[in-house]
Amino acid sequence: MAKKLDILIFPDPRLRKKAEKITKFDKSLENLSNDMLKTMYEANGIGLAATQVDHHVRLIVMDLSEERNDPKIFINPTFEVLKGYKMYEFEEGCLSIPGFNETLARPDKIELTWQDLRGKTHVDKPEGLLTVCIQHEIDHLDGKLMVDYISALKRDRVRSKLLKDFK
């Protein structure tokens, strides 16, 4: 039975920890994936990186479907920006930075390489919102947050508000 995990809130320093590559594809990885999906669904999110729940492994879960019935699990995801890309602007939010949304620009054409729960490697060229989400979540795995793309002044305001709200 999947359990809900605690989501780390910015400026928690554990959010800055770089995630380790997964080398063991076993039941515990499947259990963590299911716990993360439950956590994401209950928090009304569309994506969640393992780093956000204090597991520092390269694992992302996602569900962009309206019906919330198309879970995706990406293990050891990496991407390359493809030639001819344009910057795609999208208003992003983050479960680790509640109440804060910001329009960010990210490349619209990437090639994604990832593994599934059995360790099989896949290569995709995602489009639209999936492209944005993948880049946002991989940032988490690298210890980077969406507030890193805004001004220091705005970032300090967000930090102060969250420190006050989540004491």
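The values are calculated or read from the model by the stated rules, or taken from the named source; none is laboratory data. These numbers were taken from a predicted model, which means no experiment stands behind them. Methodologically, a virtual Cβ is constructed for each residue, glycine included, from the backbone with ideal geometry; neighbour enumeration extends over all protein chains shown.
Quick rundown of the values:
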{"read-out": "Positions within region 42-71 being under 13 Å from Thr131 (Cβ atoms) and either at pLDDT below 95 or part of a strand (DSSP E or B) (or both), in sequence order", "value": "Gly47, Met62"}
{"read-out": "Residue tally, condition closer than 30 Å to Lys164 by Cβ and in contact with an Asp or Glu (Cβ under 8 Å, 6 or more places away or on another chain), over region 122-138", "value": "2"}
{"read-out": "Region 140-167: number of residues that are closer than 16 Å to Asn101 by Cβ and touching a helix residue (DSSP H, G or I) at 6+ places or on another chain (Cβ under 7 Å)", "value": "5"}
{"read-out": "Search result, residues across region 12-21 that are out of contact with any strand residue (DSSP E or B) (no Cβ under 7 Å at 6 or more places or on another chain) and either small (Gly, Ala, Ser) or surrounded by 19 or more Cβ atoms within 10 Å (Cβ to Cβ) (or both)", "value": "Leu15"}
{"read-out": "Positions within region 79-94 being assigned to a strand (DSSP E or B) and not hydrophobic (A, V, I, L, M, F, W, C), in sequence order", "value": "Glu80, Tyr88, Glu89, Glu91, Glu92, Gly93"}
{"read-out": "Residues (over 13 Å from Leu48 (Cβ atoms) and either outside any loop (DSSP other than H, G, I, E, B) or among the acidic types (Asp, Glu) (or both)) located in region 1-23", "value": "Asp12, Pro13, Arg14, Arg16, Glu20"}
{"read-out": "Single residue of Gly93, Gly99, Gly119 found to be out of contact with any Asp or Glu (no Cβ under 9 Å at 6 or more places or on another chain) and either on the phi < 0 side of the Ramachandran plot or not polar (S, T, N, Q) (or both)", "value": "Gly119"}
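Per-residue answers, yes or no, for (1) at pLDDT below 95; (2) out of contact with any Pro (no Cβ under 9 Å at 6 or more places or on another chain); (3) more than 23 Å from Asp12 (Cβ to Cβ):
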{"site": "Thr121", "(1), (2), (3)": "no, yes, yes"}
{"site": "Gly128", "(1), (2), (3)": "yes, yes, yes"}
{"site": "Lys144", "(1), (2), (3)": "no, yes, no"}
{"site": "Tyr149", "(1), (2), (3)": "yes, yes, no"}
{"site": "Ser160", "(1), (2), (3)": "yes, yes, no"}
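Quick grid of which residues meet (1) in contact with a Lys or Arg (Cβ under 8 Å, 6 or more places away or on another chain); (2) more than 19 Å from Lys17 (Cβ to Cβ); (3) of a type in the set (Gly, Ala, Ser):
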site: Gly143; (1), (2), (3): yes, no, yes
site: Met146; (1), (2), (3): no, no, no
site: Ser151; (1), (2), (3): no, yes, yes
site: Asp156; (1), (2), (3): no, yes, no
site: Leu162; (1), (2), (3): no, no, no
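For every residue, the table says whether it meets (1) under 12 Å from the mean Cα position of the chain (by Cα); (2) among the hydroxyl-bearing types (Ser, Thr, Tyr).
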residue: Phe10; (1), (2): no, no
residue: Glu20; (1), (2): no, no
residue: Phe25; (1), (2): no, no
residue: Leu29; (1), (2): no, no
residue: Glu42; (1), (2): no, no
residue: Leu48; (1), (2): yes, no
residue: Thr51; (1), (2): yes, yes
residue: Asp54; (1), (2): no, no
